[in-house]
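Below: one structure, written as structure tokens.
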Amino acid sequence: MNGFDTAWLPPEAFGPLGARRTLIRGSGPLVGTVRDEVARACERFGGEVVRDGSYDLLLEVTDGGLGAEEFTCAREGGTTTVTASNGHGLLYGLFHVVRLGAQAFTGGWPREVHRPATELRMLDHWDNVAVHPVMGQVERGYAGGSLFWREGRAREDFARVRAYGRLLAACGINAVCVNNVNVHAVEARLLTDRIGEVAAIADVLRPYGVRTHLAVTFAAPVVLGGLSTADPLEPAVREWWAAAARTVYAAVPDFGGFVVKADSEGQPGPFTYGRSHADGANMLAAALAPHGGTVHWRAFVYDHRQDWRDRTTDRARAAYDHFAPLDGEFAAGAVLQVKHGPMDFQVREPVSPVLGAMPRTRLAVEVQATQEYTGQQRHVCWLGPMWSEVLGFRPEGESGPSVGELARELVAVSNAGDDPFWTGHPLAQANLYTFGRLAWRPDADPYRVLDEWIGLTFPSAPARLVEGLHAVLDGSWRTYEKYTAPLGVGFMVQSGHHYGPSVDGYEYSPWGTYHFADRDGIGVDRSAATGTGYAAQYAEPWSGVYESAGTCPDELLLFFHHVPYGHVLSSGRTVIQHIYDTRFDGVAEAEKARRVWAGLVDLVEPAWHARVAERFEEQVRGAREWRDQVNSYFLRKSGVPDAHGRLIH
Ligand code: BDP
């Protein structure tokens, strides 16, 4: 259909729809998109788009008092009816019908209202316009080049961007930031003289209800405007930004807003001028406000040159220490975008305490679909269950709201690129889809979402394929956790590219990512009583739960506590034996998943199957390497033999 049918929504997914008589009422560009989708299905599968007379599917824009992205769906007397107040809602309604498949035309049911729980569901692309000498074109990208940029410019052929917009609409994503948060010189100019390239991308995404955002450098008034300062309280600086915003909106009338990484990992920010991050964010919010845009201000601010001997400068504390005191100071048009954990997208982290500490701030939760620390799309690691745990976490305990209720927006760092399978590892598509659906409904069951992805990607898959896909994906995040860094301690990766094990890879560097393993024990003491005090950044009951090694959940033990190797976990095993056993288990699980996948060879398109099979070879190799390095390291460090005699000194 679009030439890129290697993801969800291949033509076959529209089969049940094509055989019908469909009436579409409404006008506007997004209704046009709905019309095109249905017309294509009819061309292929029969059926027709009718202007009057009888019909069995009605897709209608009405004044039903629905919100911008809402739709209703009902079936009565052999007719399925979808209504919405505009084309955007109608498009979501159409994709709902596609998800239901034949079921959409079976039996009857009363009117259901569907609406997203969050206002904004965004993908951040860490794409460089020009290839960066160290980071390549897509920073932490494992799926080929950028979908938007090529050879230093916006692409000329946007067919793939169009197909991308369609995939995003079908999982509910409504915003995309098209460039890297680390803004280099070329990319900075997208804000000014190169805004036309951004406008061209926005034109392609608009018919799918996806708004375009841009990452900008805080130093833009200096580096682009020639001013001597970027001080956010300086009138000339504020006027420069206001003028820049006017130019942007002249080119992209529905522009979403700016994304900013400031005072972080070398990016400029308000600290240079002795101003707060609220001052910085509010200045940009003021520039965007007249046009209805927002600024996404990232809370990923920490000292990346800290002294590894000094435990009081705990990186985990940084976001809270910087931002919690600013609660209530951010303007309405400023969104604080908070990484889901306090460190950096590790396979296991506690939920960031910032998310429970800023009730008067508009918050977005940021997750990482690109698998920087979770196998780099060479290992299968479906993150649905992890994200779902984060969104279900209740910072004030059972009686308080969940993170999914506190956050008004969800953001993921995208894992897509110009790879023929979109995501390098074809099964990593499930992460992109799951993110969109969890962003729409944070309390959705991720395994049901996975069912949807399977149904939409492999329409009419036989039960053996559905079971096989669940078998390799369902537990893949925990499998990855088992053979990599243990018990929440994090990192242990090779420095720079972050792929593959290196137990001490970051142990003596200034990035603040330490495990403190010695001959007696391992882990970071983040208790208030004897450690960095990080545990006290949580409200009760969590501050109490995390404070003591006796109550801290096993999977986070080494994040919060330094314990002897003989410390007994609530599972009944010692820490050292847990490390040994789970490394063996993780490898066995990866080997099993490889076998299951091999057994699906007759059910999956050959190129698709082969790509995944090739990735499984690397995953099993990598898992064994992790097991052997981690186990050897701890055997030598601790001198404690493996209870099962598998490890030799
Ligand atoms: C880290 C990445 C780095 C990003 C940074 C960020 O290693 O490339 O620039 O996050 O989120 O995970 O800004």
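The values are calculated or read from the model by the stated rules, or taken from the named source; none is laboratory data. The structure presented is a predicted model; accordingly, all values stated were derived computationally and were not measured. Note that each Cβ is placed from the backbone with ideal geometry, even for glycine, and that neighbours are counted across all protein chains shown. Accessible surface is based on the protein model in full, side chains and every heavy atom, while ligands, DNA and RNA are left aside. Shrake-Rupley method; radii C 1.70, N 1.55, O 1.52, S 1.80 Å.
A few points about this structure:
- Residue count, the range 232-245 (criterion: without any contact (Cβ under 8 Å) to a residue 40 or more places away in the chain and surrounded by fewer than 17 Cβ atoms within 10 Å (Cβ to Cβ)): 4
- Qualifying residue in the range 276-294 (condition: free of Cβ contacts under 8 Å to residues at least 40 places away in the same chain and either in contact with a Pro (Cβ under 9 Å, 6 or more places away or on another chain) or within 28 Å of THR513 (Cα to Cα) (or both)): no
- Breaking point among (1) touching a residue at least 60 places away in the same chain (Cβ under 8 Å); (2) polar (S, T, N, Q); (3) open to solvent by 10 Å² or more (accessible area, probe 1.4 Å), for SER495: (1)
- Subset of the range 389-430 (residues that are closer than 19 Å to PRO10 by Cβ and polar (S, T, N, Q)): THR423, GLN429
- Among the residues of the range 269-305, the one identified as over 17 Å from ALA364 (Cβ atoms), at pLDDT below 95 and surrounded by 20 or more Cβ atoms within 10 Å (Cβ to Cβ) is TYR302.
- Taking each residue of the range 399-412 that is polar (S, T, N, Q) and looking for partners that are at pLDDT 95 or above and buried (at least 23 other Cβ atoms within 10 Å of the Cβ) with beta-carbon atoms closer than 7 Å, six or more apart or interchain, yields SER402/LEU391.
- Test: residue in the range 473-480 that is more than 25 Å from LEU558 (Cα to Cα), touching a residue at least 12 places away in the same chain (Cβ under 8 Å) and open to solvent by less than 10 Å² (accessible area, probe 1.4 Å): yes
- Note on the range 437-451: residues that are in contact (Cβ under 8 Å) with a residue 60 or more places away in the chain, open to solvent by 50 Å² or more (accessible area, probe 1.4 Å) and of a type outside the set (Ser, Thr, Tyr) amount to 2.
- Each residue in the range 101-135 was checked for being outside any strand (DSSP E or B) and open to solvent by 50 Å² or more (accessible area, probe 1.4 Å), and 11 pass.
- Residue match in the range 138-150 (condition: touching a strand residue (DSSP E or B) at 6+ places or on another chain (Cβ under 7 Å), aromatic (Phe, Trp, Tyr) and within 16 Å of the ligand (Cβ to nearest atom)): no
- Test for PHE330: is it part of a loop (DSSP other than H, G, I, E, B), within 13 Å of the ligand (Cβ to nearest atom) and either of a type outside the set (Gly, Ala, Ser) or within 26 Å of THR479 (Cα to Cα) (or both): no
- Meets criteria (within 19 Å of CYS171 (Cβ to Cβ) and among the small types (Gly, Ala, Ser)) for ALA74: no
- Which listed residue is of a type in the set (A, V, I, L, M) and within 16 Å of the ligand (Cβ to nearest atom), from ALA318, ALA285: ALA318
- Residue check for GLU112: at pLDDT 95 or above, more than 16 Å from the ligand (Cβ to nearest atom) and more than 21 Å from PHE255 (Cβ to Cβ): yes
- Each residue in the range 1-23 was checked for being open to solvent by 40 Å² or more (accessible area, probe 1.4 Å) and over 35 Å from the mean Cα position of the chain (by Cα), and 3 pass.
- Of all residues making up the range 151-161, the number that are aliphatic (A, V, I, L, M) and either within 16 Å of the ligand (Cβ to nearest atom) or within 23 Å of GLY32 (Cβ to Cβ) (or both): 2
One line per residue, one yes/no per condition, for (1) within 16 Å of the ligand (Cβ to nearest atom); (2) open to solvent by 10 Å² or more (accessible area, probe 1.4 Å):
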{"position": "ALA163", "(1), (2)": "no, no"}
{"position": "ASN174", "(1), (2)": "no, yes"}
{"position": "CYS177", "(1), (2)": "yes, no"}
{"position": "ASN180", "(1), (2)": "yes, no"}
{"position": "VAL183", "(1), (2)": "yes, yes"}
{"position": "VAL186", "(1), (2)": "no, yes"}
{"position": "VAL198", "(1), (2)": "no, no"}
{"position": "ALA202", "(1), (2)": "no, no"}
{"position": "LEU205", "(1), (2)": "no, no"}
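- Residue check, MET386 within 16 Å of the ligand (Cβ to nearest atom), part of a helix (DSSP H, G or I) and under 16 Å from the mean Cα position of the chain (by Cα): yes
- Taken as a whole, the structure places GLY266 among residues that are within 16 Å of the ligand (Cβ to nearest atom) and over 19 Å from LEU336 (Cβ atoms).
- Looking across the range 349-373 at every residue that is hydroxyl-bearing (Ser, Thr, Tyr) and open to solvent by less than 10 Å² (accessible area, probe 1.4 Å), the one that is farthest from the ligand (Cβ to nearest atom) is identified as SER352.
- Residue within the range 24-36 that is crowded, with 16+ Cβ neighbours inside 10 Å, part of a loop (DSSP other than H, G, I, E, B) and at pLDDT 95 or above present: yes
- Within the range 115-130, tally of residues that are within 15 Å of the ligand (Cβ to nearest atom) and in contact with a Phe, Trp or Tyr (Cβ under 9 Å, 6 or more places away or on another chain): 4
- Checking the range 140-149 against the condition returns a match, with at least one residue being under 19 Å from GLN371 (Cα atoms), touching a Gly at 6+ places or on another chain (Cβ under 9 Å), of a type in the set (S, T, N, Q) and buried (at least 20 other Cβ atoms within 10 Å of the Cβ).
- GLU396 vs. criteria assigned to a helix (DSSP H, G or I) and surrounded by fewer than 20 Cβ atoms within 10 Å (Cβ to Cβ): no
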